[in-house]
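Trainee: Mind looking over this structure? Questions follow.
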Amino acid sequence: MITIQGKGVSTGVGVGPLYFYRRATTELKRYTVTDTDAEWHRFKGAQTAAIEQLGKLADKAREEAGDEAAMLFETHQMMAEDMDYEEAIEGMINEGVNAEAAVADTAEQFAAMFSAMDDSYMQARAADVKDVSDRILSILSGAVQGGIDSEVPVLLAADDLAPSETIQLDKSKILGFVTSKGSGSSHTAILARILGIPAIVGLGDSLKPEYEGRSVIADGGTGAVVIDPDDETRDRLLKKRDEQLRLQRLLETLKGQPNITKDGKSVRIFCNIGGPEDVHAVQVNDGGGIGLFRSEFLYLNAKTYPTEQEQYEAYKKVLEDMDGKEVIIRTCDIGADKQIDYFELPHEENPALGMRALRISLSRPDFFRTQLRALYRASAYGKLGIMFPMVTSVWEIREAKKLCEEVKADLHANGIPYSEDVQIGVMIETPAAAIMSDRLAKEVDFFSCGTNDLTQYTLACDRQNNDLGRFYNPHHPAVLRLLKMVTDNAHKNGIWVGICGELGADLELTETFLAMGIDELSVSPRAVLPLRNAVRMTDTRENGPKILASLEDDFTPHV
């Protein structure tokens, strides 16, 4: 038995085989082959595997989203076995070109041919042929689509996972995460909390590749990863898992109950989501609404800019599925740790302080208008709030609101329906926004505090750097004082204030937030019922004044 220690960032006990995430290779092999028949059969094997993968994806898409979604994969199937495409590859292989190079060169030729056509439908096929070819190339190179090639669910190990990688994972195959890097606010940790599975980060070099396939138990509460546990340890941790499941069943009895403290204070408990597929988790966990729809995941999951229609359909689906409950959608928050190649952002020494979020949107007004048009068109189907991230100044809000008015005027002129009752809000995630919150409150309908970035910028601590340990303290009085200042300024100006960062689900701070007067807490869907239980157990008359006074005291580092 081997025990390695990291930092638990999502509670629960996961039991299963350890599996290391496979990344697709980007290096194209190019060499001369002599046995052209063998090389042709190698291509044919990869082609057949790709067609089978696409068939399974089509079936899954039809089951989850209908015939129209399935057609994309069926079209790709036909393209993979297109006679002209296949003959072009065969001709190159017969000239001694290896299969990888033949597929890549054929893809470039066909994509260029489609792009040059006048018909817009045929032009769109350029992206399809590249996508099909990339799938065949991945199979030829031994890379795994989606990072997991396992018939059974696994505990997924990695150095860390980028947002673009987490969005593509087959979530049904994941029992938990264990990573050598990362932090409590990394995207791996956030995804784990959404899924309600254990996650442990910061294991460092002790997470060794030779552990793959071995029996492992991960305890997200203590941060311990046990490889090949003995019988006593296994029994103890399995009992712990069973107890946690029992407590979860007890929490289920809170569904439909109000979020009201013992002294009668009410708070809204909403959910954070990354896309339309997460709405089901909001519904089954009894979320009161959506306090943060991270729209950037639509961009992270695409190979080029999502069109207005694609965005509109995603936003519309969420609003319809939420059936009149409030849905707050954050405009694209790309940059910093969320990089996308097709945005072609310049290299920055410190991207967390560079061109990101609203700064990109205001610098690229046509890009921003596309998203705003999609949002306002979708607003006709539910109760929408639009939220701008990474705000530091009043002029930024005014410029963003001006673009909103231009979009609404254009929609009106063209007879396109939209709702006039769309709330506009900003994320308070910089010290500048917090300090200026008295002025910002006069410009918007609500504030939502992004405590992950607010902590990072206030303490000058990179939230992705697990080595900072006790220096990165989200309970720091500086952070809490800023939140109290923001809450007071919001209420003085007649607007509501929420928290959509990870601190919203921190049960150690629930009483503090209620004492401050926070109106809304937006958390991962699986955190709704534990948070509701904590709210209902709280009496702010008892400790509220002491809690607020304690913000003036010294503090102990949060470990």
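Every number in this text was worked out from the coordinates using simple rules, so none of it is lab data. For clarity, every value in this text was computed on a predicted model and none was experimentally measured. Glycine gets a Cβ as well: all are built from the backbone with ideal geometry, and neighbour counts include every protein chain shown.
Trainee: Would you mind putting 396-402, 238-244 in packing order, based on average other-beta-carbon counts within 10 Å, highest first?
Mentor: Values: 396-402: 16.4, 238-244: 13.6.
Put in order of decreasing packing, that is 396-402, 238-244.
Trainee: Work out the FRET efficiency for residue 366 and residue 421 from their Cβ-Cβ distance, taking R0 = 25 Å, and round it to the nearest 0.05. Kindly include the intermediate steps, with their values, before the conclusion.
Mentor: Values: r = 27 Å, r/R0 = 1.07.
Step by step, r from the Cβ atoms, then E = 0.40.
Trainee: For region 264-292 and region 422-467, what is the centre-to-centre distance using only Cα atoms, to the nearest Å?
Mentor: That distance is 21 Å.
Trainee: Given contacts defined as C-alpha pairs under 8 Å and at least six residues apart, what's the relative contact order of the chain, whole-number percent? Walk me through the numbers before you get to the answer.
Mentor: Working: 1037 pairs, mean separation 81.9, N = 559.
The normalised contact order for the chain reaches 15 percent.
Trainee: Over all directions, what mean area does the Cα convex hull of region 250-293 project, stated in square nanometres?
Mentor: Details: hull surface 13.8 nm².
If I average the Cα hull's projected area over directions, I get 3.5 nm².
Trainee: Let me spell out the model: positive unit charges on the Cβ of Lys and Arg, negative unit charges on the Cβ of Asp and Glu, origin at the Cα centre of region 402-516. What dipole size does that give, in debye rounded to 20? Working shown, then result.
Mentor: Values: 9 positive and 17 negative charges, 75 e Å.
Here the size comes out at about 360 debye.
Trainee: Determine which lysines satisfy two conditions relative to residue 262: a Cα distance under 26 Å, and not lying fewer than 8 residues away in the same chain.
Mentor: Filter leaves 325, 484, 492, 546.
Trainee: Also, I was wondering about something else. Between residue 23 and residue 249, with labels modelled 7 Å along Cα→Cβ, what's the label distance in nm to one decimal, could you check?
Mentor: The two pseudo-label positions are separated by 4.3 nm.
Trainee: Would you calculate the separation in nanometres between label points at residue 541 and residue 395, each defined as 7 Å from the Cα along the Cα-to-beta-carbon direction?
Mentor: Between residue 541 and residue 395, the label points sit 5.1 nm apart.
Trainee: For the ranges 415-427, 317-329, what's the packing order if you count other beta-carbon atoms within 10 Å of each residue, average per peptide, and put the highest first?
Mentor: Details: 415-427: 16.2, 317-329: 19.6.
Top to bottom by mean Cβ count within 10 Å: 317-329, 415-427.
Trainee: From Cα pairs below 8 angstrom and at least 6 apart in sequence, can you work out the relative contact order of region 160-252, rounded to a whole percent? It would help to have the intermediate numbers written out before the result.
Mentor: Details: 101 pairs, mean separation 18.9, N = 93.
It rounds to 20 percent for region 160-252.
Trainee: Any idea how far the Cα center of region 73-100 sits from the one of region 204-239, in Å?
Mentor: Cα centroid to Cα centroid, the span is 46 Å.
Trainee: Also: Can you figure out the FRET efficiency of residue 352 with residue 81, using R₀ = 60 Å and their beta-carbon distance, to the nearest 0.05?
Mentor: Details: r = 46 Å, r/R0 = 0.77.
About 0.85, to the nearest 0.05.
Trainee: At q = 0.09, 0.12 Å⁻¹, what base-10 log of I(q)/I(0) does the Debye formula yield for the chain when every alpha carbon is treated as an equal point scatterer in vacuo?
Mentor: -0.76, -1.28
Trainee: When a/c is below 1.5 the answer is rounded, else prolate if a/b is larger than b/c, else oblate, so apply that to region 222-300 with a ≥ b ≥ c taken from the square roots of the Cα gyration tensor eigenvalues. Each step should come with its number before you reach the end.
Mentor: Working: a/c = 2.89, a/b = 1.43, b/c = 2.03.
Oblate.
Trainee: Now for a separate question. What fraction of the DSSP beta bridges in the chain is antiparallel, stated in percent and rounded to the nearest 5? Spell out each step's value before the answer.
Mentor: Details: 19 of 58 bridges.
The antiparallel proportion sits near 35 percent.
Trainee: For region 462-559, list log₁₀ I(q)/I(0) at each q in 0.14, 0.16, 0.18, 0.20 Å⁻¹, using the Debye formula over Cα point scatterers of equal strength and ignoring solvent, two decimals each.
Mentor: Calculated log10 I(q)/I(0) at the listed q: -0.57, -0.75, -0.94, -1.14.
Trainee: What nm value, rounded to one decimal, do you get for the distance between residue 493 and residue 236 when each label is placed 7 Å out toward the C-beta?
Mentor: 5.4
Trainee: If you project the alpha carbons of region 301-418 onto their three principal axes, what span does each projection cover, largest first, in Å?
Mentor: Sorted largest first, the three principal extents are 44, 31, 25 Å.
Trainee: If you don't mind, there's one more thing I want to ask. Compute the FRET efficiency between residue 159 and residue 339 as 1/(1 + (r/R0)^6), taking r as their Cβ-Cβ distance and R0 = 25 Å, and round to the nearest 0.05.
Mentor: On the way: r = 17 Å, r/R0 = 0.66.
With R0 = 25 Å, the Cβ-Cβ based efficiency is 0.90.
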